[in-house]
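Enquirer: The structure is given below, and queries will be raised subsequently.
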Amino acid sequence: TERYNPRAAEPKWQKAWDAAKLFETKNEDPRPKYYVLEMFPYPSGRIHMGHVRNYTMGDVVARHRRALGYNVLHPMGWDAFGLPAENAARDRGVNPRAWTYQNIEAMKAQLKVMGLSLDWAREIATCDPSYYKHQQKMFLDFWKAGLVERKSAKVNWDPEDMTVLANEQVIDGRGWRSGALVEQRDLTQWFFKITAMAQELLDSIDTLDQWPDKVKLMQANWIGRSEGLLLRWQIDPATAPGGEVALDVFTTRPDTIFGASFMAIAADHPLARKAAEGNPKLAAFIEEIGHRGTAAADLETAEKNGMDTGIRVVHPFDPSWTLPVYVANFVLMDYGTGAIFGCPSGDQRDLDFANKYGLPVVPVVMPEGADAATFRILEEAFVDDGVMINSRFLDGMKPKQAFDEVANRLSGISIGGRPQAERKVQFRLRDWLISRQRYWGCPIPVVHCDACGSVPVPEAALPIELPVDVSFDRPGNPLDHHPTWKHVACPQCGKDARRDTDTMDTFVDSSWYFARFTDPWNEQAPTTLSAVDGPSGWLPVNQYIGGIEHAILHLLYSRFFARAMKATGHLNSVDEPFQGLFTQGMVVHETYKGPDGWVTPAEVKVEDFDGTRKAFLLDGGTPIEIGPIEKMSKSKKNVVDPDDIIGSYGADTARWFMLSDSPPERDVIWTEAGVEGAHRFVQRLWRLVSEAAPSLAGVAPKAAREGEAAEISRAAHRAVKAVGEEIERLGFNKAVARIYALANALQGPVADIAAGKASAEVAAAAREALDMLVVLIAPMMPHLAEECFAALGGSGLAADRLWPAFDPALTVDNEIVMPVQINGKKRGDLTIARDADQGAVEKAALELEVVRKALEGKKPRKVIVVPQRIVNVVV
Ligand code: ANZ
Ligand code: ZN
């Protein structure tokens, strides 16, 4: 038979699907709905292997659900705003919009070649005014609903490029382009008040039973709920600058209060500023640490620095005990109160600080059973549970009890009109700063008027479109120095006013696109209430698939948006937008290092020398070092281009390999050998079908229950059951293994059929099995499935077939596999009836080829059978 030619077959079937509008989804279709979504791509210009893996998985789910009779929504779009378009504009003089749409076109063509069952009629690009118009409307609605706030916040300012930098653009405290020392500047900016929903966003994590635990934990940690005390420390009046009475701190460990040895406040704490007046050394110190980057990760590792302010506070339980107040770089202004009491024995940062500045270290908690007289803390703080020591009336208590004791004793005392201790819940979550001083983003629909303040743009004036004629030849925000764009009349009083020249964080764009897909045609509103959620709507997304890098911000922002949209009437009832979440592993590849640096896989041939793999340059044969297996990246040059693979092997091979090699949550190692193996299987399936097809043309499919033919039917029905179950739990590699097993089981019977040696029962059973096989492979290798379906005389399209039903009686597993050991080492497997008795197992084991070889005709010394578990033959 002829080889299967994907280059001819794949485009043919893609056209057939298009012509039949097979994947265009109708909202009013009465079948039960199923919404499967992969995280939409940034249009960088080309798809990479990570996309191929992600979209293949989503496509398998979508096609399988279709086959189960669902009305499936499987859309695709473009996360199209963002900095790379501006960089391209700046570096190469191209227009950001033109650059973006070119990339979209190129990537769309690539996705089409993959044969994905996507509804392209619903395609959206977030940079299109028809999309961001609605985003601007929602911004205004959120504002009205009290979910938006304008306040001052620090930004990274590059003084040379005169521009604001994202945290990722600050490298070792310097601007990524200019290399200039980055400053912290205060800017008035827009925030979404996500903190107002902190508790709700935390509690609701418990309802997400189809999310990975890992992601739920990351969400919870990001929200970061802490139960503690607001504790007031009286300031020694003799040392108080400007008559301050008390210093408030937030602590989760009031139990350690007798281990306190200093106070520390943030550089921008009001008390620090007061203390710096008339203290130039302190002022200089504050200035210096104020300039450092604000990333929390830096603070953990950065060297602890501080300076004594001269201020003293009085210990709440001992009026004769005073503690120094330091300004310290490890205290953040925007957490708690921006001030702490330091207990070096109970906190590593406090301990590092105390050791550096010679402050006392008093252990106050020790492990249960330790000796209080000798227990010391030197370099490592003790942060675990234990028993209180050196703490007067708290001694002997557990820290938890001591916490309550301190809270109770101090809550009755008042300092400056406020209780000395108040219970407080503190969240780590900050409000979402959405202002970006950038061009290529969604304009913030606000006009600033000297008379009226910040005025919303009237709805009728939306969208506020980005100007097209922008220049990137000078630093800063092009919207800001555009000659006319920002100059408008105030919508309220008509006087000269200015547009907000900031654009929205691109995370805003991706926080509701999944809702827009449910009716992207609605020009009047972001969503259509009958389509978006509720009894006739699509949300929540049943299965969302994407990278773990979005486990925190994107998912949290989307969860916030769902709630905010509900509050403003853009959603009916859904709080949690993603019912099922799956995060796939990465695609990794070997690296190759030549004399002149990294070399691409395409330039290398790898050969096997007695089990040792060696690599050579294809051109010239220079030996190359095989480096570690790493995530595909440009810097290591270990990138395989999907186009090359699909061009030489076809999309089905690429898809099959992506699914087959490792569990989907783990990394998959891309290897040439693996791809070739996948391709061989494509050809093998084709041979199987095309060999059998002529003889099976007039044969009606029929399951067999007895005899030789029943083996075929059992293999087929078991595969139907198992493949369906595995796809449902996203166990794609296991589904693949079941398909391999079915193909193996059909090999012999098909050869007999082709040779005209098979019985009518065998032919009928094989016919049914092959028909089933075609539908089973269709979600994974959709083009091959069509070709096979046609070869078997099917009418219509395989992609339109329903998932076969299996007969449970044929799937009952009456056989078990027992490992067979020889002298305690596993040498083989024995497949035998589950209820076989000891004698039968022993006899069958001794008949195994491996065992016979090992015995060399002699009698075994001993045969041990553990029923249904294992056989050990001692020779
Ligand atoms: C005294 C103490 C003793 C603390 C001890 C810890 C251990 P989480 O769990 O993250 O809420 N803290 C409070 N505000 C801070 C700020 N603005 N910048 C830096 N650190 C701050 O942590 C709460 C603890 O972090 C608080 O409890 C406080 O130190 C510190 F053995 O108070 B603790
Ligand atoms: Zn006005």
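Enquirer: Along each principal axis of its Cα atoms, how long is the chain end to end? Whole angstroms, biggest number first, please.
Expert: Projected onto its principal axes, the Cα set of the chain covers 107, 79, 64 Å.
Enquirer: Please list 771-777, 628-634, 47-53, 747-753 highest first by mean number of surrounding beta-carbon atoms within 10 Å per residue.
Expert: On the way: 771-777: 24.4, 628-634: 13.6, 47-53: 21.9, 747-753: 18.7.
Going from most to least packed, we get 771-777, 47-53, 747-753, 628-634.
Enquirer: Multiply the residue gap between SER320 and ALA805 by 0.36 nm, knock off their C-alpha separation, and tell me the result in nm, one decimal place.
Expert: 166.3 nm
Enquirer: Amide H neighbours of VAL365 under 5 Å, counting only residues 5+ apart in sequence or on other chains, H built in-plane at 1.01 Å?
Expert: Amide H to amide H, under 5 Å and 5 or more residues apart or across chains, VAL365 pairs with ILE389.
Enquirer: Relative to a virtual label point 7 Å from the Cα of GLU523 in the Cα→beta-carbon direction, which members of segment 436-468 show backbone nitrogen distances below 19 Å?
Expert: Once the point is set 7 Å along Cα→Cβ of GLU523, 459-466 turn out to lie under 19 Å by backbone N, inside segment 436-468.
Enquirer: Also: For segment 579-699, report the accessible area per residue in Å² (1.4 Å probe, heavy atoms, rounded to an integer). Write out the running numbers ahead of the final one.
Expert: On the way: 5750 Å² over 121 residues.
For segment 579-699, the per-residue accessible area is 48 Å².
Enquirer: What does segment 159-220 give for Rg and for Dmax, in Å, if only its C-alpha atoms count?
Expert: Reported Rg and Dmax, both Å: 18.3, 50.
Enquirer: Which lysines, if any, have their Cα less than 20 Å from the Cα of LYS862, not counting same-chain residues under 8 positions apart?
Expert: Counting by Cα, and skipping residues close in sequence, LYS862 has these lysines nearby: LYS825, LYS826, LYS843, LYS853.
Enquirer: In nm, to one decimal, how far is the modelled label at GLU603 from the one at ASN408, with both set 7 Å along Cα→Cβ?
Expert: Here the answer is 7.4 nm between the modelled labels.
Enquirer: For segment 691-765, what D do you get in µm² per second when you plug the Kirkwood radius from alpha-carbon pairs into Stokes-Einstein at 4 °C and 1.567 mPa s?
Expert: Rounded to a whole number, D works out at 100 µm²/s.
Enquirer: Could I ask something else about it? Identify all lysines with a Cα-Cα distance to LYS734 below 18 Å; exclude those on the same chain that are fewer than 8 residues away in sequence.
Expert: Of all the lysines, those that pass the test against LYS734 - Cα under 18 Å, at least 8 places apart if same chain - are LYS721.
Enquirer: Which whole-Hz ³J(HN,Hα) couplings does segment 166-182 yield from phi under the Karplus relation 6.51 cos²θ - 1.76 cosθ + 1.60, θ = phi - 60°, glycine and proline marked x?
Expert: Values per residue, Gly and Pro as x: 6, 4, 5, 8, 9, 10, 6, x, 10, x, 5, 9, 7, x, 6, 5, 7 Hz.
Enquirer: For ASP347, ASP829, write out the residues from largest to smallest accessible area, computed with a 1.4 angstrom probe and no ligands counted. Display every interim value, and only then the final one.
Expert: Working: ASP347 45, ASP829 80 Å².
Result of the area sort, largest leading: ASP829, ASP347.
Enquirer: HN-Hα J couplings of segment 262-270 from phi, Karplus 6.51/-1.76/1.60, θ = phi - 60°, integer Hz, Gly and Pro as x?
Expert: Here the 3J(HN,Hα) series is 7, 10, 9, 10, 5, 4, 9, 5, x Hz.
Enquirer: Right, something else. Set the Förster radius R0 to 51 Å, insert the Cβ-Cβ distance between ARG3 and ASP213 as r into 1/(1 + (r/R0)^6), and round the FRET efficiency to 0.05.
Expert: For ARG3 and ASP213, the calculated efficiency is 0.65.
Enquirer: Order 12-22, 426-436 from most to least packed using the mean count of other Cβ atoms within 10 Å.
Expert: By packing density, highest mean first, the sequence is 426-436, 12-22.
Enquirer: Then there is this: Sort VAL874, VAL762 by heavy-atom solvent-accessible area, probe 1.4 angstrom, most to least.
Expert: VAL874, VAL762
Enquirer: Tell me which DSSP H helices of the chain clear both cut-offs, 24 Å or more of axial length from alpha-carbon atoms and a mean Kyte-Doolittle hydropathy of at least 1.0. Kindly include the intermediate steps, with their values, before the conclusion.
Expert: Working: long enough: 49-67 (27 Å, -0.75); 96-113 (26 Å, -0.61); 672-696 (36 Å, -0.06); 707-728 (32 Å, -0.32); 732-754 (32 Å, 0.64); 760-777 (26 Å, 1.46).
What comes out of the filter, once short or polar helices are dropped, is 760-777.
Enquirer: Cross-link partners among lysines for LYS281, C-alpha distance below 20 Å, same-chain residues fewer than 8 apart left out?
Expert: Answer for LYS281, where 20 Å is the Cα cut-off: LYS304, LYS356, listed by chain and number.
Enquirer: Let me ask you something else. Grab the Cα-Cα distance for ALA854 and SER130, subtract it from 0.36 nm times how many residues apart they are, and report the gain in nm with one decimal.
Expert: Gain on extension, ALA854 to SER130, equals 253.2 nm.
Enquirer: Per Stokes-Einstein, at 25 °C and 0.890 mPa s, what whole-number D in µm² s⁻¹ belongs to segment 4-108, with the Kirkwood radius over Cα pairs as the hydrodynamic radius?
Expert: 152
Enquirer: Between ASP575 and ALA196, what is the label-point separation in nm under the 7 Å Cα-to-beta-carbon projection?
Expert: According to this spin-label approximation, the distance is 1.6 nm.
Enquirer: How much accessible surface area, in Å² rounded to 10, belongs to the heavy atoms of GLU465 with a 1.4 Å probe?
Expert: 100
Enquirer: Something else about it: Estimate the FRET efficiency between ASN823 and GLU465 by the formula 1/(1 + (r/R0)^6), using the beta-carbon distance for r and 51 Å for R0, to the nearest 0.05.
Expert: So, using R0 = 51 Å, E works out to roughly 0.05.
Enquirer: Assuming R0 = 56 Å, can you tell me the calculated FRET efficiency for the pair ARG705 and GLU168, based on Cβ-Cβ distance, to the nearest 0.05?
Expert: Once the sixth-power term is evaluated, E becomes 0.30.
Enquirer: Moving to a separate point now. From the helices alone, meaning DSSP H stretches of at least four residues, give me the mean residue ellipticity at 222 nm for the chain, per-run term -39500 (n - 2.57), in deg cm²/dmol to the nearest 500. Please report the intermediate quantities before stating the final value.
Expert: Values: 26 runs with 305 residues, N = 875.
Calculated at 222 nm, the ellipticity per residue is -11000 deg cm²/dmol.
Enquirer: Would you pull out the residues with amide H under 5 Å of GLY627's amide H, same chain only if 5 or more places away, H placed 1.01 Å from N?
Expert: THR591, TYR592, LYS593
Enquirer: Quick one: which residues, 5+ away or cross-chain, put their amide H under 5 Å from the amide H of ILE669? H built at 1.01 Å from N.
Expert: It is VAL588, by chain and number.
Enquirer: For a label point 7 Å from the Cα of ASN355 along Cα→C-beta, name the residues of segment 365-380 whose backbone N is under 12 Å from it.
Expert: From segment 365-380, the list is 377-380.
Enquirer: I'd like the Karplus ³J(HN,Hα) series for segment 863-875: coefficients 6.51, -1.76, 1.60, θ = phi - 60°, whole numbers in Hz, and an x wherever there's a Gly or Pro.
Expert: Here the 3J(HN,Hα) series is 10, 10, 10, 9, x, 6, 10, 7, 10, 10, 9, 9, 10 Hz.
Enquirer: Report the residues of segment 17-57 in range of a label on SER536: point 7 Å along Cα→C-beta, backbone N strictly under 11 Å from it.
Expert: 27-30, by backbone N distance to the label point.
Enquirer: Given the peptides 502-514, 524-536, 200-212, arrange them by the average over their residues of other C-beta atoms within 10 Å, most packed first.
Expert: On the way: 502-514: 23.7, 524-536: 17.1, 200-212: 14.8.
Ranked from most to least packed, the peptides come out as 502-514, 524-536, 200-212.
Enquirer: Same structure, new question: What is the dipole size for the chain, taken about its Cα centre, with +1 at each Lys and Arg Cβ and -1 at each Asp and Glu Cβ, in debye to the nearest 20?
Expert: Roughly 1080 debye, rounded to the nearest 20.
The values are calculated or read from the model by the stated rules, or taken from the named source; none is laboratory data. A quick note: this is a predicted structure, and the numbers were derived from the prediction, not measured. Note that each Cβ is placed from the backbone with ideal geometry, even for glycine, and that neighbours are counted across all protein chains shown. Ligands, DNA and RNA are excluded from the accessible area calculation, which covers all protein heavy atoms including side chains. Shrake-Rupley method; radii C 1.70, N 1.55, O 1.52, S 1.80 Å.
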